[in-house]
1. Please tell me the relative contact order of region B:61-147 in percent, rounded to the nearest whole number, where contacts are Cα pairs under 8 Å and at least six residues apart.
2. Among B:Leu103, B:Gly61, B:Pro117, flag the residue with its Cα farthest along the positive direction of the charge dipole of chain B, charges on Cβ as +1 for Lys/Arg and -1 for Asp/Glu.
3. Would you list, by chain and number, the aspartates and glutamates whose Cα falls below 16 Å from the Cα of A:Lys68, excluding same-chain residues fewer than 8 positions away?
4. Can you give the helix-only mean residue ellipticity at 222 nm for chain A, where every DSSP H stretch with n ≥ 4 adds -39500 (n - 2.57) and the sum goes over all residues, rounded to the nearest 500 deg cm²/dmol?
5. Please list 3J(HN,Hα) in residue order for region B:69-85, calculated via the Karplus relation 6.51 cos²θ - 1.76 cosθ + 1.60 where θ = phi - 60°; whole Hz, with x for glycine and proline.
6. Per-residue mean of other chain beta-carbon atoms within 10 angstrom of the beta-carbon, peptide B:197-208?
7. Mind checking which aspartates and glutamates have their Cα closer than 13 Å to the Cα of A:Lys46? Skip sequence neighbours fewer than 8 apart in that chain.
8. Using the number of other C-beta atoms within 10 angstrom as an exposure proxy, rank B:Glu7, B:Glu104, A:Glu60, B:Glu84 with the fewest first.
Amino acid sequence: MVRFENVGKRYGHGPEVLRDLTFRLTPGSFHFLTGPSGAGKTTLLKLMYLAQRPTRGEIEMFGQTIGKTRRRDLPPLRRRIGVVFQDFRLLDHLSALENVALPLRIAGARRERIEAHVSELLAWVGLAGQINAKPPTLSDGEKQRVAIARAVIGRPNLLLADEPTGNIDLAQGLRILHLFEELNKIGTTVVIATHDRSLISTFGRPELRLSNGELTVHKAPVGRPDEDVAELSPDADSGRRA
Amino acid sequence: MTGRRIELPLGGDANRRFIPLIVGAMVYLAALALAGTFALDGTIRQWSDNLRGALTVQLPGVAQEPEGDEAQARIDAAVGLLLETTGVLSATALPHAQSQALLEPWLGAGDLPTDLPIPIIVDVIVDTGARINYEDLGQRLEDVVPGARINDNGVFLSRLVTLARVIQLVGLVVVLIVAIAAVSIVVFATRAGMTSHRDTIELLHLIGARDNYIARRFVTHALSYGLSGGLLGLALAVLTLGALALAARGVDQALLPRLSLDLTAWVALLCVPLASALIAMITARMTVLRALRRLP
């Protein structure tokens, strides 16, 4: 699904934000991505949703080595990734329905299919009455749910969420996490970047912890017996450096 | 609700509302320059047709009796000599009244003083393939009619045609400059559009839109302002040409050649808005695709 091999990332001539990341996420796994501010969580997510290229190392997504993939072959890979951005990135001039429909439109889906699916999904995230509302008229929690609906409308193989519960209350955060779990149950690989320790402990999923640009993996204190946990480099173990 | 291409609201950009006007102004200039070029083309052809193989012989006129025996004797002598010359197809003296009429723009209409020796004009048509020694012919005419002079229209014609061709070239250069300016404006407008919608473009890119998908929106918009501006410019140009034609109606053709547009010219003018739309589309597409290549 996702494989990083000695990946490093630096911006300009600055220090490396990420160093020698080597890990592999198996299909259907569910991980929290944690770490202090500035640890590189967002950068790691950007590398995973192909918004940036690594400075060094090799990234493999869905069996394709990104560095060797032609640029014109990247859009189909991106369509297999759903992203919930920290700042939502909704288009203010579009309605909730049109925002959520974007990935399907881009994929060339038929109009009837788009409207049926999008309405259904908006109802599922509790926004049935807001489908024609524009983002500026929505609360942060509602925007967050629109962003989540947009991320999952295309049934992505990989769902990446950057602080998806950062702007909403605990109850709504739990609801959204349950939604992610539902997706995970039907095979979507999920990585959620969060600071929220209570969510991590509530959901008991393994944790990818970034610190000073280096990655360690930690199993949940009360892990599930059949849990898929990210594999680190051969010389690493749970709780050790990647 | 989800059928239109609405992700990039390019038409709403304040600065882009002026683009059709700018394109319209450019098409207006290009259409006028092109119309001038085509009109001159017709005139050049007309001059060439009228003057090719033609020359005039000017004989000294006879005062008091411009149509008397002496005048007729000069005509007969000159025409006779001309018709004997190899390569001369015809030689016809203009009637005195017609010679007078030619002077009207300078001397005015009405009875001219009888003591004014109005020159006798002989129209001569020569075979364009014939090699006539005009120097020798002029000398022989001088011998039979002292004061006779050949006016070879070829030199006059070639200078006139050269001038007209230069003006045509200037017209085409104007069209070229306008086209380059139009490309620059479209590049500027497209880049401005991309800058103001950078976040949207980046989002579309990240959720899997191909470059062509994003470029298509800019191309559609460019088609819209290229065509609307082009039609506006063409309409203004046609109005201007109509006004010029009206104004030129009272001008004597001896002073200003008749400038008219044939069907080819009108078809070319109608193509100007299409060309502007095409230029706008191609330029917008290339600009967007080039910029998008910088994204990962």
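1. Numbers: 85 pairs, mean separation 36.9, N = 87.
The value is 42 percent.
2. The residue sitting farthest along the positive end of the dipole is B:Leu103.
3. A:Glu5, A:Glu58, A:Glu60
4. On the way: 7 runs with 74 residues, N = 242.
Using -39500 (n - 2.57) per qualifying helix, the result is -9000 deg cm²/dmol.
5. Each residue's phi maps through the Karplus curve to give 5, 5, 4, 5, 5, 4, 4, 4, 5, 5, 4, x, 4, 4, 5, 7, 6 Hz.
6. 6
7. A:Asp162, B:Glu202
8. Working: B:Glu7 23, B:Glu104 13, A:Glu60 17, B:Glu84 10.
Fewest-to-most Cβ neighbours within 10 Å comes out as B:Glu84, B:Glu104, A:Glu60, B:Glu7.
Read the figures in this text as sums done on the coordinates, not as results from a lab. What you see is a predicted model, and the numbers here were worked out from it, not measured in a lab. Quick reminder, even Gly has a Cβ in these numbers, built from the backbone with ideal geometry, and neighbours come from all protein chains shown.
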